1. Is at least one residue of the stretch A:143-158 more than 7 Å from chain B (Cβ to nearest Cβ), under 16 Å from the mean Cα position of the chain (by Cα) and among the charged types (D, E, K, R)?
2. I'm trying to understand the selection: among the residues of the stretch B:186-198, which are touching a Lys or Arg at 6+ places or on another chain (Cβ under 8 Å) and open to solvent by less than 10 Å² (accessible area, probe 1.4 Å)?
3. Just the residues that are within 14 Å of DNA strand D (Cβ to nearest atom) and either touching a residue at least 60 places away in the same chain (Cβ under 8 Å) or within 21 Å of A:ALA118 (Cα to Cα) (or both), please, taken from the stretch B:39-74.
4. So A:THR121 clears everything in (1) assigned by TED's automatic domain parsing to the domain that holds A:ALA141; (2) more than 13 Å from DNA strand D (Cβ to nearest atom); (3) not aliphatic (A, V, I, L, M) except one condition, right? Which one?
5. Could you check, for the stretch A:81-104, whether at least one of its residues is modelled with pLDDT under 90 and among the hydroxyl-bearing types (Ser, Thr, Tyr)?
6. Please pick out the residue among B:VAL69, B:VAL20 that is surrounded by 17 or more Cβ atoms within 10 Å (Cβ to Cβ), among the hydrophobic types (A, V, I, L, M, F, W, C) and farther than 30 Å from B:ALA157 by Cα.
7. Assess whether B:THR170 counts as being over 25 Å from A:ARG203 (Cβ atoms) and buried (at least 18 other Cβ atoms within 10 Å of the Cβ).
8. With the checklist (1) more than 18 Å from B:VAL178 (Cβ to Cβ); (2) touching a Cys at 6+ places or on another chain (Cβ under 8 Å) in hand, flag the one item A:VAL202 doesn't pass.
2 protein chains.
Amino acid sequence: MARAGQEGRRAAATRRRGAVLEDAILQAAAEVLTESGVAGLTMEEVARRAGTNKNALYRRWPNRLVLGVAAYRRLAAAETAPPDTGSLRGDALEMLRRANSTWSSPYGEILRGLIAAADGTEELLAELRRDPRAGGDACEAAWLTLLGRAVARGEAAPEALHPRVASAPTALLRNEYVTRGVPAVPDAVLTEIVDEVFLPLVRGRGPAGGASAG
Amino acid sequence: MARAGQEGRRAAATRRRGAVLEDAILQAAAEVLTESGVAGLTMEEVARRAGTNKNALYRRWPNRLVLGVAAYRRLAAAETAPPDTGSLRGDALEMLRRANSTWSSPYGEILRGLIAAADGTEELLAELRRDPRAGGDACEAAWLTLLGRAVARGEAAPEALHPRVASAPTALLRNEYVTRGVPAVPDAVLTEIVDEVFLPLVRGRGPAGGASAG
DNA sequence: TGATTACGGTACTTCTCGTACCTTAACTAG
DNA sequence: CTAGTTAAGGTACGAGAAGTACCGTAATCA
């Protein structure tokens, strides 16, 4: 029982330091986040899980919130290629479904908890915005990409190639979460955002007529 | 020095109870919210300010968050009549400016703090949504009103009279606050929301202004 | 090999939530 | 007017977590 490894107590066969220790701490923090959410992320628990103590944490991150954001960034390291279904409607719906899936997943809950806990701290929010799946900066780029393809196909007016337009659907989806606090947004809302707002906006309501809905 | 009234210690000349005491507590809570924000809203401080103690608070509200929401509702009891500038653009801009003004004011900061602290609790969010100035349900009704007038004037397509369309500008504005954490949104963003998203959406991009391509 | 860095262990202060218990004032019913 | 009930006020306490302070010691580096 000299090295009762696994979680918690670990007999210090060798004393970790630097990047190795930092990795272990972030790993532990990510686990705690996944299991207990942002509210359950306490410095003591993370330290225990990482087999170290609070000192090592506070030497690296000034407080639990910054640590939480750093740990989240490790969870959310996925890459995203914009969908290419052949139609703007299909692409847009796919983008929203991906976003909805992320936001309603445990990661989404963590993300929302962190955003809430950040309480408007610009630095932390900027850090979180770097997560492509969170509707951040990279997400906007993806929307512009598929908008560009739609313009090339003649499906959208060139004027629609605008950042504000590109971020609109995501903003509307996020709004559902922020203001309603629901665990997940039904698919009908996604199609409504696409058919009632996004498509009319990019292709014009006039001559072309509505989407599938009249 | 028998009754050292004002704030804090108040010699109990007469012991308040019921609605009178409740009012005093809410008043104190509202003051604390205004001065110290949501983070500074502690039960002890509120009790001290109200000249009572925590018991009286916990007998009425289960925790500090519910008390905070109740106190906020007292701060935000204003009525709102939709603007009527004669043009849809003017109305929309005025609506957004009002919202921006609210959100960037101390009240907006409190509101955002409460939304953050509510952390997705549907009940509390619903309660907060009852504040017309917060972009809540009443706000959506106002947008529909001015949209209706625009349709009557021929400024907007009848299809634009849709809740999802009506809530879009507010959602985009809120999005700026949520994702960027800025203290206030510049007016240029408001006009961009109106000119690049809202107006093209409700009046169609075709003949009126933007693209002739469909 | 000796100096420096930074981990690990532990204890501590501070804060705040939420609860418990008891005394006493205000109200209410008879 | 008195007795009984309800609800304030006072105070103390336990729990949980943040963040700080020291100190001995293992790892690394000059």
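The values are calculated or read from the model by the stated rules, or taken from the named source; none is laboratory data. In this text, all values refer to a predicted model and were calculated from it rather than measured experimentally. FYI the Cβ positions are ideal-geometry reconstructions off the backbone, even for glycines, and counts take in every protein chain you see. Surface accessibility is based on the protein's heavy atoms, side chains included, excluding ligands, DNA and RNA. Shrake-Rupley method; radii C 1.70, N 1.55, O 1.52, S 1.80 Å.
1. No: the stretch A:143-158 contains no residue that is more than 7 Å from chain B (Cβ to nearest Cβ), under 16 Å from the mean Cα position of the chain (by Cα) and among the charged types (D, E, K, R).
2. B:LEU190, B:ILE193, B:VAL194, B:VAL197
3. If the condition is that a residue be within 14 Å of DNA strand D (Cβ to nearest atom) and either touching a residue at least 60 places away in the same chain (Cβ under 8 Å) or within 21 Å of A:ALA118 (Cα to Cα) (or both), then B:ALA39, B:THR42, B:ARG64 are the ones that fit.
4. (2)
5. yes
6. B:VAL69
7. no
8. Condition (2) is where A:VAL202 drops out.
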